[in-house]
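Laboratory data are not the source of any read-out in this text; all were calculated from the coordinates shown. A quick note: this is a predicted structure, and the numbers were derived from the prediction, not measured. Every residue, glycine among them, receives a Cβ derived from its backbone with ideal geometry; neighbour counts consider all protein chains shown.
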Amino acid sequence: MKLDIGYTIAHETIYYYIYANKANGGKLYKYLRHKNKKYHKRSNDYKARGIIIDRVMIDKRPKIVEKKQRIGDLEIDTVIGKNHVGALVTVVDRKSKFTLIKNVESKQANVVTQALIEMITPIKGITHTITSDNGKEFAYHKEVSQALDTKFYFANPYHSWERGLNEHMP
């Protein structure tokens, strides 16, 4: 362009024109290499985001838990309040269906951990196992396990039926 007509245009000006065209219903953006899509960085940090460290999967849980023959095998979960304000932490015994529910101000891991320890401490002596989903609110599972002297297990991702009692509790 500089050789043909004697001046140049910055690439930002060209993109500005394309974006203005798109805002007015034009289709020039479709000729861009990536069709104006944002780039998503795929580093190791991106892949590991949200992974709970040192979790023990449900496959390692004792087989007796599946039979629902003893009291003290618990399922835990959180229920989010309307408009994402507040939350409930629920604990259900698999055999007796004994249920504990506590209202918490948020589902942050430290808040949920404290609530779980407070709720389960009175029945600590009969608690054998705790099973939860893979929510980030259970990231401090080691603290819960240590405070209650019990084993903590995680259901497989997207397998909510592995903790069906808590999921379908009325």
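See the values below:
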{"item": "Only Lys, Arg (+1) and Asp, Glu (-1) charged, at Cβ; the chain dipole about Cα centre in debye", "result": "740 debye"}
{"item": "Of Y19, Y31, G86, farthest towards positive along the dipole that unit charges on Lys, Arg, Asp, Glu beta carbons give the chain", "result": "Y31"}
{"item": "Helix 11-23 axis, angle to the chain major axis (alpha carbon atoms, nearest 10°)", "result": "70 degrees"}
{"item": "Pairwise FRET efficiency - N83 versus A23, Cβ, R0 = 30 Å, nearest 0.05", "result": "0.40"}
{"item": "Loop-located trypsin sites (Lys or Arg not before Pro) in region 75-152, at most 16 other Cβ atoms within 10 Å (DSSP)", "result": "K95, K97"}
{"item": "The chain, Cα convex hull volume normalised per residue, Å³", "result": "197 Å³"}
{"item": "Backbone HN-Hα couplings from phi across region 88-100 [Karplus 6.51/-1.76/1.60, Hz, Gly and Pro as x]", "result": "10, 9, 10, 10, 10, 7, 5, 7, 7, 6, 4, 10, 10"}
{"item": "Long pairs among K67/K142; K2/K35; K37/K136; K95/K124, criterion Cα-Cα beyond 21 Å", "result": "K67/K142; K2/K35; K37/K136"}
{"item": "Antiparallel content of DSSP bridges confined to region 1-152, in %, to 5", "result": "70 percent"}
{"item": "CD proxy at 222 nm, helix term only [per DSSP H run n ≥ 4: -39500 (n - 2.57); per residue of the chain; nearest 500]", "result": "-7500 deg cm²/dmol"}
{"item": "Highest-fluctuation residue, I123, I52, I71 considered, GNM on the chain with Cα pairs under 10 Å", "result": "I123"}
{"item": "Net lengthening on full extension, N103/Y31 (0.36 nm per residue, minus Cα-Cα)", "result": "20.6 nm"}
